[in-house]
Structures are given as C-alpha cells and as structure tokens.
Amino acid sequence: MLTLHANSLKFYVMALLLLVTTLVHANDINIEVELSGAPEGRTDTLISGLSIERQKDSDRLSARQIQKLYESADSELKTMLQVYGYYNVEVTSDLKLIKENNWQAVYKLKLGPRVKLAKVEVILEGEAADDEAFKKFVKYFPIKKGDGLNHQVYESSKKTLVRIGAERGYFDAELTEHKVEVDGVNNTATIYLNYNSGIRYHFSQVQFPETIITNDLLTRITPIKAGEPYLASDVLKLRNNLTNSGYFDSVAVRTLIDQRKDGEVPLDISFEPSHKHRYTAGVGYGTDSGPRVSLGWENRYVNKRGHRLSADALFSQIKNSVGLDYTMPFWSETISAVGFNTEYKQESTDTSDSTSFAIGSYYKTMRWGWNETGTLKLLNENYDVSQDSDTSLLLIPGVSWSRIWADDTIYTKHGGKLSVSLSGASESILSDTSFGQVVVRGKYIKSVTENGRFITRGTLGATEVTDFTKLPSSLRFFAGGDNSIRGFDFESLGPLGDDGKVEGGRYLAVGSLEYEQMIVGNWGAAVFTDFGNAMNTWDDPLEYSVGVGARWRSPVGLIRLDVATGLSQDDNPIGIHVVIGPDL
C-alpha cells in the first residue's frame, strides 16, 4: 500500500496544477512575490535579488522551474541577509494559486539577533603608517566596534583603503590580511585588516614631447615637480591644464607604474597640437538686440612662448563692435595671463547713443577659488543721453571676481554664478571726472522637482561721481529688457532728465523670481516676476512686472519666449522677450 504524507500530497497537487497551467497558458503566467520581516529599507533589494523575481517574466518557465525557483528563495534570502549581519534567519514560505495563471510566492522572515562587531583591527605598515591621509582614514574608519556587521560597508572600506594607496603612489602595497570572522553562536564578528603600503613613489622628471611651444611654457602649465610625492590628483590637474590651454586638440597623460624604479614613477604624455588659426562665427537673437552676428579669429601660436592674437566683431541692431586682443598666457605661477586689448564700439538705443574707443591691459589669476581679473582701460566715449551730449576721457583701473558652479552650464539643474566688480577714475589722472563704482551680479538655479526649476537672479550697483554729466552712458545704470525687468523696453527705466527722457542712474537694484516646468519632452513653461529700477537715490520707486513664458530645450541651447506686463505703471506696458542661450 502507498502512503502519502500531507506535505508530499501538497507538493504533488501543486506540481500538477502548475503543469496543467503551463501546458494551457505557457506565456500567460504571472507570479507575484511578497516579502515581510526584512530589515528596514531592504525589502525591495532582497526581492530583486531573488531568482523567482528575476525570472518571473521568462517565456520558458515550466512547472518544475517555478517550483525550483520558489524553493531556492529560502537559501537566497539567508545568503543575502548575511551581508547585513543576520546569520540566524528563519524563512517560512507559501506558494498559492490566486486565480488561473496567477501565482503568489509569499516569504516571511524572522531575522533573529544581528551579528555585532566585537573587534575591528586595522593595521598600517610601511610608509603609509606616517601618512596623514591614512591616519585620518583609520581615525574615521566607517566600521566601529559595537556596530552591526555589514559586509557591504566592509568591502567598500577595504576598496577605499586600496584606492587611497593607489592615488598616493603606494604602488607596491598589498592587503596582507583581510578577513571577517563570524561567531554564529554568540552573534559576534571580528574584522582584521592589515595594509602593508611599502614605499611611496615620487614623480620622476616630467618629459614633454616636442611641439611648437617651448618646454618652459609647458613646465609652467604642469603642477608637478620632479621628486614630489605622487598624487593622482596632480596627474589629473596636469591633463586638465594641457587640455584647457587651448594649444592641443587631444591630451593623454598616463602613469607608467610598470616602469617604476628607485622610488620614482614616470609619466607618459602625448598630445595632438591644435591648428594655428581658429575661425568662429555665430548668430543669435534677442528682443533687446534683435538679430546679431559674431565673427572671430585667433592665432594660437604667435610665437614659441604661446602668445595669442585674436580679433572679434559683433553686429546687431543696437550695437556694433570690433576688438583686438593680445594674450600672454601662463605669465607666472600666480598670474595665469597678461594681455592688451582695444575695442571700437557704436551703440544706439531708444535711450542713448554712444561711440567709444578703448585701449587697455589686464591680468587674470585665481584667488581664494575665484577667477580674478584686473584691468586698466583708457576710455574715450562720445555720448548723447537725455540732455547730456559730451565726450569724456577716463583712465579706469578695475578688478573683478567671478565664480560659476553648476552641474551643466548649458541647462543647469543645480548651480549658479556670482560676480563682483570694482572700478573708478580720478580727475587727477587723465580723467574728466572722478567716480567709483561697484556692481554685484548673481544667479541661482535649483531643481525642486524632476522637471521643475526655481531660478532667481539679481544685480546691485552703486556709483559715486563728482560730475554726473561727465559720466558716459556706458557707465550709467539703466533698467528694463530681456535680462533686467521684462515687460519694459530695453534700458527704458531710470531717472529722467530735465527733458523728460531717461538719463540713467547712480544706483541699480534689479531682481527676478521664476519657476520653470518642463511639461512634454523638451517643451515647458514658466511664470515669473521681475522688480527693481535704476535710481539716483535708494528711495526712488521700484518698477515690477509679472509674466509667463514658453521654453524649448533646442540643440543650440534653451530658447525662452516670455510675455510680461509692467504692473507698476498705469498703462500696464506689455513686452515680448525672446532669448537664446545657456543658463550661465
């Protein structure tokens, strides 16, 4: 006589049902996996690691395979939970037919006590034992005695230790001991990590391939000196300096670890020089400027010292300019460039007309993480604004600091820019009037949803001048326009002269708040408010506007179409503004 136990009978009945269902609906099986009792935040991770979850959509599932996948989850769950320090786990499970072809695999966990770390031993040998970077790593080692065991954190910490050594030139290093001992009875564990770094290698003499510019200039570009301790960050900085120098189309810098000897490691540097001449052309459009065309030319290799000569021209409805610039880059270790420039400019708006010629010099450097530019400019400007029609000669020294931080400067989801500029002139030194001016500009962009951004910008400016009528229109403050207060015409806002026309102001305060939402693909919309004015006293009234806009992330950059109305004026002027270009 054949006797069947209850569990065996259940198995055969379930297998028979699975077999029949598979034969009738081979491609229509649906399996739902449920898990309860998992450590906080680990449920989805554990389910996704189960074979029955990964293979539940397979067209090749058979009755036997489903049963095997269901049963294998027990050991899979226990193995995965050991990673988080749970070594005494009980798993109860059930496989049920909910309705035709729809199966439910249910797993319930009883975790038991988590394994705690009774001892964490990290030993440094070799020169790394005296290296501050390693001392700091050991001091703040992410695994401490008494913590719950987590193999992921342990493996990550071990990789970090090895990475620090590789980045700091310990190329002979090895982990002489790395193990985790688990006492399942007492639910404790011990970590042993022994790192023998050996010696720290130093840079050998940097050798550059022959190119059109001198070795002296290339040496100025490199942050590496022979005999200095190896740092991977210095190698990256060298590659970036060569790439950003503008002399090369492609750059490769490799550390030749296999050729290390006598405590030194060489670098292999290769690059492809850029063409001597570069030509650029661009077109654009803005409501303020109308259509505009820009042209440029640059000679990258005026001489072997890497000097550059460039010319550019801009033509638009309101402004035409031609400029020439001679740059001597990598001037010294503290000054990145020194140059001389000149510009002829004509500008005509509804508010003012001016023609100017300027010649000057400048330097560029990095200070406190900011880009610093110092200038000295001799400006001769003929201007006609309100009732002031004159010509002024000014010798203007100035300095500015700027900084940009962004995940993407073309379409920014998080980032901003900030600049501060100071300038002035004195009647005692080749100037028709004395003045001092400060201008602060900022813009900040922050994603608040997956497709939404909050954008704010502002400008503050102040001028002290002995004779305002001698201050050229290019140095006066005006408000209104695409990047100022939308809803008002370009430079149409500011103090009025005796003739009732805008003459410009001594002070400027302009701000904007905007929310932008991408709705379908690269298309979106925005709502905004702009406010501020150009003023002669801080008590002057402010203008403000509100508006809506359309946005398109085109291949050439974000295209903005805005319609705004000025609420602060009785006639409620309406302005349409179109701007094409990057966020920052």
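Here are some notes:
- Test: residue in the range 426-448 that is part of a strand (DSSP E or B), among the small types (Gly, Ala, Ser) and closer than 24 Å to Gly480 by Cβ: yes
- Residue in the range 133-148 that is outside the structural domain of Ile47 (by TED's automatic domain parsing), hydroxyl-bearing (Ser, Thr, Tyr) and modelled with pLDDT of 90 or more present: yes
- Count of residues meeting criterion [buried (at least 24 other Cβ atoms within 10 Å of the Cβ) and part of a loop (DSSP other than H, G, I, E, B)] in the range 482-493: 6
- Some residue of the range 89-103 being in a loop (DSSP other than H, G, I, E, B) and more than 47 Å from the chain's Cα centre (by Cα): yes
- Among the residues making up the range 556-578, a single one is farther than 27 Å from Pro541 by Cα and either among the acidic types (Asp, Glu) or part of a loop (DSSP other than H, G, I, E, B) (or both): Val556.
- Filtered residues of the range 53-88 (kept if without any contact (Cβ under 8 Å) to a residue 12 or more places away in the chain, assigned to a loop (DSSP other than H, G, I, E, B) and not charged (D, E, K, R)): Ser58
- Residue pairs whose Cβ atoms lie under 9 Å apart, sitting 6 or more positions apart in sequence or on different chains, and linking a residue in the range 252-272 that is in contact (Cβ under 8 Å) with a residue 60 or more places away in the chain and on the phi > 0 side of the Ramachandran plot to a partner that is surrounded by 14 or more Cβ atoms within 10 Å (Cβ to Cβ) and in a strand (DSSP E or B), are Gly263/His202.
- Any hit, the range 313-333, residues being more than 26 Å from Lys417 (Cα to Cα), among the aliphatic types (A, V, I, L, M) and within 30 Å of the chain's Cα centre (by Cα): yes
- Selected residue [over 33 Å from the mean Cα position of the chain (by Cα), surrounded by fewer than 20 Cβ atoms within 10 Å (Cβ to Cβ) and farther than 26 Å from Val385 by Cβ] from Leu567, Leu561, Leu513, Leu496: Leu567
- Being among the charged types (D, E, K, R), part of a loop (DSSP other than H, G, I, E, B) and within 20 Å of Asp172 (Cβ to Cβ) is a condition met by at least one residue of the range 219-240.
- Residue match in the range 236-250 (condition: aromatic (Phe, Trp, Tyr) and within 30 Å of Arg308 (Cβ to Cβ)): yes
- Residue tally, condition surrounded by fewer than 16 Cβ atoms within 10 Å (Cβ to Cβ) and within 15 Å of Gly532 (Cα to Cα), over the range 463-477: 0
- Only one of the numbered conditions (1) among the hydroxyl-bearing types (Ser, Thr, Tyr); (2) closer than 29 Å to Ile404 by Cβ; (3) modelled with pLDDT of 95 or more is not met by Thr449, and that is (3).
- Residue pairs whose Cβ atoms lie under 6 Å apart, sitting 6 or more positions apart in sequence or on different chains, and linking a residue in the range 541-565 that is assigned by TED's automatic domain parsing to the domain that holds Asp482 and over 17 Å from Lys413 (Cα atoms) to a partner that is in a strand (DSSP E or B) and of a type in the set (Phe, Trp, Tyr), are Leu542/Phe531; Tyr544/Phe531; Gly547/Phe528.
- Selection count where residues are among the aromatic types (Phe, Trp, Tyr) and surrounded by fewer than 18 Cβ atoms within 10 Å (Cβ to Cβ), scope the range 122-159: 2
- Applying the criterion of being free of Cβ contacts under 8 Å to residues at least 60 places away in the same chain and touching a helix residue (DSSP H, G or I) at 6+ places or on another chain (Cβ under 7 Å) to the residues of the range 378-434, the residue that is surrounded by the most Cβ atoms within 10 Å (Cβ to Cβ) is Thr433.
- For the range 379-425, a residue qualifies if it is assigned to a loop (DSSP other than H, G, I, E, B) and charged (D, E, K, R), and the qualifying residues are Asp407, Asp408, Lys413.
- Hey, Asp530 modelled with pLDDT of 95 or more and among the charged types (D, E, K, R) or not: yes
- Hey, Ser348 exposed (fewer than 14 other Cβ atoms within 10 Å of the Cβ), under 27 Å from Pro495 (Cβ atoms) and free of Cβ contacts under 8 Å to residues at least 40 places away in the same chain or not: no
The values are calculated or read from the model by the stated rules, or taken from the named source; none is laboratory data. None of these values were measured; they are calculated from a predicted model. Here Cβ is always computed from backbone atoms with ideal geometry, including for glycine, and neighbour counts include all displayed protein chains.
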